[in-house]
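Comments concern the structure below.
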Amino acid sequence: MQKIKGKRIKISIFMLGLGIIFFLFAGKELVVNEKPVKSDVIIVLSGDNDRLEKGIELYKKGYAAHLILSNGQENNFYHQAKDSGIPEDSIILENHATSTTENAKFTKRLMMNYHFQSAIVVSSNYHMKRVEKNFNKEFKDTKIQLTYCSSGSRYYNPQRWWETALNRKVTYTEYVKLIGNYFGFSGKKSKELLREFI
């Protein structure tokens, strides 16, 4: 009886330790930020303006000669990119994606059409793990090289994600979406699933 009790205590301590580790590193685990390398194109996913700013910065530093703006009419990204001095013929618009899964699907089609062999994929820091999972899955049957660069975020702090209600919600939302994507939910289905958990 004492042995069983002792084993339960050990298991409880182990599970508590895992919970603490997850709590401390949950935000950091969402971030993927690789060193940029010279590529054929920079893919910028619509959303926070930080994403476009990072894409423009990489373009102007010479990392690629083209930008793909996925769902590029949203947030006025297309016009902002032109206003920043990027030539119109360097900007490729993708206007059909409604989810991260579709971002990957539709930008892959464009890359194949343009015969691009490499890309830097840009999104917000908290979004990058899900971006990496979706893009790697979609592009696994190609030889296209993908590099993932985080734009950072003005409001999300992955080191101290628990300090604000907004950061906690973003973290929770991303993990629910990651699980949903794993089980094949995306787009409207993913959003419906998410509403059940929030």
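Coordinate-derived values only; no laboratory data. Just so it is clear, the model here is predicted, and its values are computed rather than measured. Neighbour counts run over all protein chains shown; Cβ positions are idealised from the backbone, glycine included.
Quick notes on this one:
- Some residue of the range 79-102 being farther than 15 Å from SER151 by Cβ, more than 20 Å from the chain's Cα centre (by Cα) and surrounded by 16 or more Cβ atoms within 10 Å (Cβ to Cβ): yes
- Within the range 137-161, residues that are loosely packed, with under 12 Cβ neighbours inside 10 Å have Cβ atoms under 9 Å from residues that are of a type in the set (Asp, Glu) in these pairs: ARG154/ASP48; ARG154/ASP50, counting only partners at least 6 apart in sequence or on another chain.
- Residues in the range 113-153 that are within 12 Å of the chain's Cα centre (by Cα) and aromatic (Phe, Trp, Tyr) were compared, and the one that is nearest to THR171 (Cα to Cα) is TYR126.
- Restricting SER124, SER118 to those that are under 17 Å from PRO36 (Cβ atoms) and surrounded by fewer than 20 Cβ atoms within 10 Å (Cβ to Cβ) reduces the list to SER118.
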